[in-house]
Amino acid sequence: MLLFDPLSVFFLIIILTISIPSFIYSFGYLKGHYSGRKILLGHLLFALFVLSLLLVVSAGNIFFFLIAWELMSFCSYFLVVFDSENKKSITAGTIYMIMSQIGTALLIVAFLLMYKYAGSFDFNAVKAALSLLPAKHQDILFLLLFFGFGAKAGIVPLHIWLPFAHPQAPSHISALMSGVMIKTAIYGMIRFIILTLGVNSLWWGELVIVFACLSCLVGIIYALMEKDLKTLLAYSSVENIGIILLGVGGSMMFLKLGYLPLALLAMCAGLYHLINHAVFKGLLFLCAGSVYRGTGTRNIEKLGGLIKKMPWTSSYFLLGSIAISALPPLNGFISEWLTLMVFFLGALTVAGGIKLFFGLAAAALALTSGLAAACFVKAFGITFLARPRSAKAENAKECGLSMNIGMGILGVLVVFLGLGAVYVVKLLVIVSGSALGIEGGQIQLGSNMYLPSPFLPLLLIFFLGLAFVLQRSRVSTNQTWDCGYYKLTPRNEYTATAFSKPFRRAFGFFLRPYRTANKSKDSHYHIKTFSYETHTTKIFTKYLYKNLLGWIFGLARNMRGIQTGSIHIYLGYIFLTLLLLLVFMGRY
Amino acid sequence: MELTIILAVPLILSAAGLFVKKNEGLANLNCLGYLLSLIFSISAGYRFLSAPGSLSVDGLSLFFVFTISTVAFAAALYSGGYIEHEISRNLITKEKARLYYPLFNLFVFAMLLVTTVNNLGLMWVAIEITTLVSAFLVGFHNNKNSVEAAWKYIIICSVGITLALLGTILFSYAFVFSTGAKSLNWTELFSAASRLNPEIVKIAFIFIIIGYGTKAGLAPMHTWLPDAHSQALSPISALLSGVLLKTSIYAILRYGLIADKCLGGSYVSHLLILFGMLSLLVSAGLVLVQKDIKRLLAYSSIEHIGIIALGFGIGGPIGTYGALLHMFNHAVTKSLLFFGVGNIVNVYGSRNIRSIRGALRALPFSGLMVTAGIFALAGFPPFSIFFSEMMILLAAFSRGYAVLGCAMLFFIVIIFGAVIYYFSQVLFGEKPKNIVPYKEPLPGRLAFLFLLVFILVSGWAVPVLLDGLIRSVLILKGI
Amino acid sequence: MIEIIILAFASPLLSGIITKIKNNLRFRKGPGIFQPYFNLIKFFSKEEVVSEHASWIFRIAPPVVFAAAFSALFLLPFGFTGDLIAILFLLSLGRFFLALGGLDPASAFGGMGSSREMFISSLTEPVAMLAVFAIYLDASNIMAVAALFLVALAETSRIPVDNQETHLELTMVHEAMFLEYSGRSLSLIEIAAYIKQLIFFLIIALLIFPGFNGFLFLAAKLLFLCVLVAVTEVSLAKMRLFRVTDFVSFAGLLAVAGIIWKIL
Amino acid sequence: MENFIILGLLLSAFGMVFSKRVGALIWNFTLQSFFLFLLTFIEAVKGGGLSLYLVAVLVLILKVLVIPRIFSKMVVEMKVSEDLGFFIRPELSLIIALLLAYLSWVFSGMLFLGAAAAVAFLMMALGFFIMVFRAKALAQIIGLLAMENGIFLLASLVSGGMSFLVEMAIFFDVFVGAVILGIFVYRINRLFVSIDVSKLNRLRG
């Protein structure tokens, strides 16, 4: 029934690592904002959710996996609509549920096909049966599995539920959903595509990488435009899933090409980023939650100056931001560095056009990390620095002890995963070996070669110390320079929208920004208020989903014509059916 | 013995309606009576399993008897509170409410009769009685909408059933044609099935599937169903959706067994698949654009009848097992939903989805039950429908109907989306100020819990009785 | 190691030389080549003024920028491509903090500088990565080196991307970020900028004529680069911010062409 | 003799299609039922036993006497207009009826049956036809009863009638059905001030 190989155990550990701090955090987060019964319900759902997550990654056969998978969607749906009075939550829940079911439907098709070929739901039996399949069938299975899991992972263009659902859930749940739940889809891809199906064609890996790059870029560009702190983090999850998939896709390619050490390294990179993202995104969501609790808003245009009011939260957020922007010496840097190295080393071993493919993938990753840095400069800078932009931010309060403990644990992990990379990689080699179905011990990685220089943190600390010594001097406090303008107010500050303006212009072909101006007039000559807004177009929603939905609803509305209300026509249907059947019966 | 009691109970109860003056008394009597009949249907089932020959009926009949008894018992529990509520809202008068119970009992009696008689002619008669009795229950409120629904119901179903009568006669003609003897007994027809003239049987089965299919709600003969289900009193909607449709499926199955044995091959299954797919298509389209919450559930019944037809059409041990199990699962789940929605509609005084908000606040218990029911209906584990749907899908894929399975999944996902979209708005959100929270009476709550137990259990572990009966049906089908 | 320390001390000189050459090309006299040193000494002796709205981020930003730049410098000369990637990330660490420092004092200019700087750098990063990739495949890839040179222009705030000489707030990019800094903090930031410039020049210098990497050769190559930069600066005009994308795309195309050239 | 009766059945079925007024429809139906009674009676005389006599009497009482009487009374009581409400013109009705006659003929051939069965099928088809193409509620009831007449004829043709019990039960059902439908016609008339069922179109979609 259950399965505990290194891959499962790895995911079990990640789930527990994130869920325990989240659980501690939830006490402070929920208290005082919900009734006692609702809090109890929240804890119960949380426990069920974690249980279902644990079951997903340790399910021992395909059917059991499917049940656990559905249970996971089921529990998380109720957590998304936890603020059940809120209309946004309901919409978010619906979108989430539908997208998740579309994915699951694809998975069910894949699983049933597997059953058809193998006559069993057992992983090993299925594996044996699938290896005999013709390539075309394997390709279909791969596509079904990839997009089926992709809907849950939130790869572009199946990501649309993520920015709705993650922000609407309570923050400790967002941490769990973004940090862990979407990773179970990665687990599924590894378990089903790599381990059970076996990588059959090179284009599978290429497809994964293409979608990964797309997710990276689209995710981070949307995140840059966002001013809701939690939505921003949700989009950033789309980006990070892309980075993880770069590793996984690379691993698939190398596996097919037969470069096992590289496949192992790529998987290591992917899994390393997976655990990193779980930790720092968990941390960031918890911080966002405590900002929300402290101020009552998630709109960063209304925040600012929180660093003075919420010193702990802001420190943790800074830590998370540095990590997620892949800056040394924290953990995000290590995994992105590893991923880049995989592409570099891969390019040396392969021949021809794939070199360019890897090069472009590396460039996409570099662009992503550059944009991520910009995004988190914005997120941190606008939220925590400068002066408060509203009364809410003015009256912010630091969060309580339990929330601080929750964030603290994850903060420590961020640092540890960054500095203790050598040990982590050793463990990951075992896990990756298990993920690729090869013995990790057989393949030796020259471990030092495959990590950034270990002196780097030392160098940084040394020069940091030196700089602090040099910096010591007399300091006096004065006004900010104001070009001679007599008094600066918070309205003079740079805003999030302003910050992202160059990006909006540069990626205008994709974001399609537009502006709306609303006047409200007292009389013909006198304008009372004038509002001017900048928006971006969500092209996947607008051109893909809206059209699809419109098409389906149009069809359904036409079908209403069947039910005309006229009994004569109803009787006519029966008559006609009868006639047609009698006429066409001859074919049998 | 047990069967006699089971059949006698509703008859006695409806006669009791003439003597007992108080509605409460009638309601309580009904509960007791159907508890008795449920117990006897269980004991009959067990007796059949231990000694198949000891009863005059076979496993298929007992399966349906059990299903009907289960839902009827729940409906009886629920009816008391519901009728009281209707009276308190001045929708019906006390005197009229007294009419409800005899009609209810006659309705159940007719359905039980359908599944226990061996004579196909009598079966036809019993099905016609269900129509006639339930037409009054559909038109109970006697307003424009309900009378319209009742008229359509009775006319369309009568036409359907007339065609079924023609089918019945053609079957008997086929029997006469090939054996020279005259009979309408199912057992005799079944044992002579392989000798029947295939040409006649083919035509006869078309009449049967269209005729009884009309009553079963298979598209495109389903047209009466959304009207009748949405206008009927909620416990009756539960009975209509939960079991009445299935009794017609039962009839189709009976003929299907003969036709299958006679024709072999895939004639019967292809017809079933055709109508199953059409039903799915129609319900998927119309569920998306519903405004009336009970109508939405009615269309969902068409969907599930379609799935059941597909299950039987796909066939094989897993498909048939899944279809039968689905029949039971859908019966309990849909009944629970109609009960819950009935309470919601009564409290809000409207069936319009847009005007119902925050039902979880207004009716904490019913709301919770509806929430569970919706996910059960949509085919989520750990609820039972998930398992039966998976069985049918599994059969579809492993028997070479992969495309069919994909199409079925597609429609299921669309309907799921629509159901979640509409019901999340109904259940969540803020409760309107003028709505007074409603506390369900104890028997009403028991009805929910009773059904919920089945919904939760019969997926993970099919109850021994059901399992045994379904297996006996498989043996009957020779698979 | 010692070479690097010497070069670190000499790094302001590069800027001084470039300025001198530029002025000479414009037939002006201009300040001496040691002027950057004088500036640094002056900043060091001054009192530091901090905005009343600033937080501790404002104070720790300069040391982090300084430390990041020096750590990056000490990863040179690269024996291993991984270090080159690490250098790019280290420089980005410095930039991250500098951008935060720009946002901290609640002034519009700082934010503007931060935004623009992050914009330009996020575009140059993939180009740099492509160039490094091409060089990794083959060290003597002239197109990739050219791409890297263009990246270096952008990264060191040179014309046509940015203009070090201007002090008009609306056109500044790099300097707008640390408009609020003064005294020793400012000098740390300036030093970091010199080091960053040195790093880019060194990488390019190591790549052209790779065989000749003795100290004197290196110095000569650096001088050559100074001349090149000066000539570029004098002969071009600063671009609008939104034209920078074209500039960077051109560099990116060069790098891709470099890769394709090597594959063929 | 039988052939003449069957011809009568055929003609009365066509007569129903051509009926423009409710009264004519009821009359034609009565005629049809009467022919059916005659047929059954002849069968009984030829040696069908007591039960067949009983069936014949039942046909006479229910279908020839009681039901048409009830309907005629209803028409008078409800003061509805006599017009049946045509959806398609009589000429087109004729063409369709002829087409259906041909189809019935073919169909009965498919079932190895003769002309009499074809008439039975035609009676059903025309009953159905009336239900589909006539607007009045009463026309639908009569159409339904005409279909059942057809089935009755078919049953007596192909299998010498069904078992007595079943036959009785079916009769009972038909009678109850007609009465219940009659009740609903009253209700419709009260609520909609008309018995035109094409006005029953509030429930749709």
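The values are calculated or read from the model by the stated rules, or taken from the named source; none is laboratory data. Since this is a predicted model, take the numbers as computed values, not measurements. Positions of Cβ are backbone-derived with ideal geometry, glycine not excepted, and every protein chain shown enters the neighbour counts.
Structure data summary
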quantity	calculated
Qualifying residue in segment A:350-369 (condition: at pLDDT below 95 and away from every other protein chain (no Cβ under 11 Å))	no
Segment D:101-124: number of residues that are facing another protein chain (nearest Cβ under 10 Å) and out of contact with any Ser or Thr (no Cβ under 6 Å at 6 or more places or on another chain)	9
Residues being crowded, with 22+ Cβ neighbours inside 10 Å and aliphatic (A, V, I, L, M) - total across segment A:382-412	8
Odd one out for B:LEU120, checked against (1) closer than 26 Å to B:SER350 by Cβ; (2) touching a strand residue (DSSP E or B) at 6+ places or on another chain (Cβ under 9 Å); (3) of a type outside the set (Gly, Ala, Ser)	(1)
Qualifying residue in segment D:105-119 (condition: part of a helix (DSSP H, G or I), under 20 Å from A:GLY565 (Cβ atoms), small (Gly, Ala, Ser) and modelled with pLDDT under 90)	no
Qualifying residue in segment B:247-262 (condition: away from every other protein chain (no Cβ under 13 Å) and part of a loop (DSSP other than H, G, I, E, B))	no
Any hit, segment A:342-362, residues being closer than 23 Å to A:LEU460 by Cβ and in contact (Cβ under 8 Å) with a residue 40 or more places away in the chain	no
Single residue of segment A:473-513 satisfying the filter (charged (D, E, K, R) and closer than 16 Å to C:LEU179 by Cα) that is nearest to the other protein chains (Cβ to nearest Cβ)	A:GLU493
Matching residues, segment B:198-228, being surrounded by fewer than 24 Cβ atoms within 10 Å (Cβ to Cβ) and more than 8 Å from every other protein chain (Cβ to nearest Cβ)	B:PRO198
Segments classed as helices (runs of 4 or more DSSP H), wholly inside segment B:382-466, with at least 3 members that are within 30 Å of B:ARG89 (Cα to Cα)	B:402-427, B:442-460
Filter pass, B:ALA362 being at pLDDT 95 or above and either at positive phi or more than 12 Å from chain A (Cβ to nearest Cβ) (or both)	no
Some residue of segment A:239-257 being under 16 Å from A:GLY320 (Cα atoms) and touching a residue at least 60 places away in the same chain (Cβ under 8 Å)	yes
When residues of segment C:64-91 are limited to those that are in contact with a Leu (Cβ under 6 Å, 6 or more places away or on another chain) and under 30 Å from A:ASN492 (Cα atoms), the one surrounded by the fewest Cβ atoms within 10 Å (Cβ to Cβ)	C:PHE66
Given (1) of a type outside the set (A, V, I, L, M); (2) touching a Leu at 6+ places or on another chain (Cβ under 6 Å); (3) under 17 Å from B:SER158 (Cα atoms), number of the condition D:SER104 does not satisfy	(3)
Among (1) in contact with an Asp or Glu (Cβ under 8 Å, 6 or more places away or on another chain); (2) more than 8 Å from chain C (Cβ to nearest Cβ), the one test that A:ALA396 misses	(1)
Boolean, C:LEU207 is modelled with pLDDT under 90 and surrounded by 15 or more Cβ atoms within 10 Å (Cβ to Cβ)	yes
Search result, residues across segment B:281-315 that are more than 15 Å from the chain's Cα centre (by Cα), assigned to a helix (DSSP H, G or I), over 20 Å from B:GLY211 (Cβ atoms) and within 12 Å of chain A (Cβ to nearest Cβ)	B:LEU281, B:SER283, B:ALA284, B:GLY285, B:LEU286, B:VAL287, B:LEU288, B:ARG295
Residue within segment B:435-447 that is away from chain A (no Cβ under 14 Å) and under 30 Å from B:PHE48 (Cα atoms) present	yes
Close pairs from segment C:109-129: first more than 26 Å from A:LEU340 (Cβ to Cβ) and without any contact (Cβ under 8 Å) to a residue 24 or more places away in the chain, partner of a type in the set (Asp, Glu) and not in a helix (DSSP H, G or I), Cβ under 9 Å, at least 6 apart	C:GLY111/A:GLU493
Residue within segment A:8-16 that is over 21 Å from A:HIS277 (Cα atoms) and assigned to a helix (DSSP H, G or I) present	no
C:ILE41 vs. criteria assigned to a helix (DSSP H, G or I) and more than 8 Å from chain A (Cβ to nearest Cβ)	yes
One residue from B:LEU13, B:LEU26, B:LEU36, B:LEU18 being over 18 Å from B:ALA97 (Cβ atoms) and of a type in the set (A, V, I, L, M, F, W, C)	B:LEU36
Test: residue in segment C:178-201 that is exposed (fewer than 14 other Cβ atoms within 10 Å of the Cβ) and either more than 10 Å from chain A (Cβ to nearest Cβ) or assigned to a helix (DSSP H, G or I) (or both)	no
Criterion violated by B:LEU272 - all others in (1) at the interface with chain A (Cβ under 8 Å from one of its Cβ atoms); (2) crowded, with 22+ Cβ neighbours inside 10 Å satisfied	(1)
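So that you can scan it fast, the table gives a plain yes or no per residue for (1) surrounded by fewer than 24 Cβ atoms within 10 Å (Cβ to Cβ); (2) at the interface with chain D (Cβ under 7 Å from one of its Cβ atoms); (3) outside any helix (DSSP H, G or I):
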| residue | (1), (2), (3) |
| --- | --- |
| B:GLU128 | no, yes, no |
| B:LEU132 | yes, yes, no |
| B:LEU137 | no, no, no |
| B:HIS141 | yes, no, yes |
| B:GLU148 | no, yes, no |
| B:ILE154 | no, yes, no |
| B:CYS157 | no, no, no |
| B:PHE171 | no, no, no |
| B:VAL176 | yes, yes, no |
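Here is a yes/no grid of residues against (1) free of Cβ contacts under 8 Å to residues at least 60 places away in the same chain; (2) over 22 Å from C:GLY183 (Cα atoms); (3) within 8 Å of chain A (Cβ to nearest Cβ); (4) outside any strand (DSSP E or B):
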site: C:SER11; (1), (2), (3), (4): no, no, no, yes
site: C:ILE18; (1), (2), (3), (4): no, yes, no, yes
site: C:GLY30; (1), (2), (3), (4): yes, yes, no, yes
site: C:PHE58; (1), (2), (3), (4): no, no, no, yes
site: C:VAL64; (1), (2), (3), (4): yes, no, yes, yes
site: C:ALA68; (1), (2), (3), (4): no, no, yes, yes
site: C:GLY82; (1), (2), (3), (4): yes, yes, yes, yes
site: C:ILE85; (1), (2), (3), (4): yes, yes, yes, yes
site: C:PHE96; (1), (2), (3), (4): yes, no, yes, yes
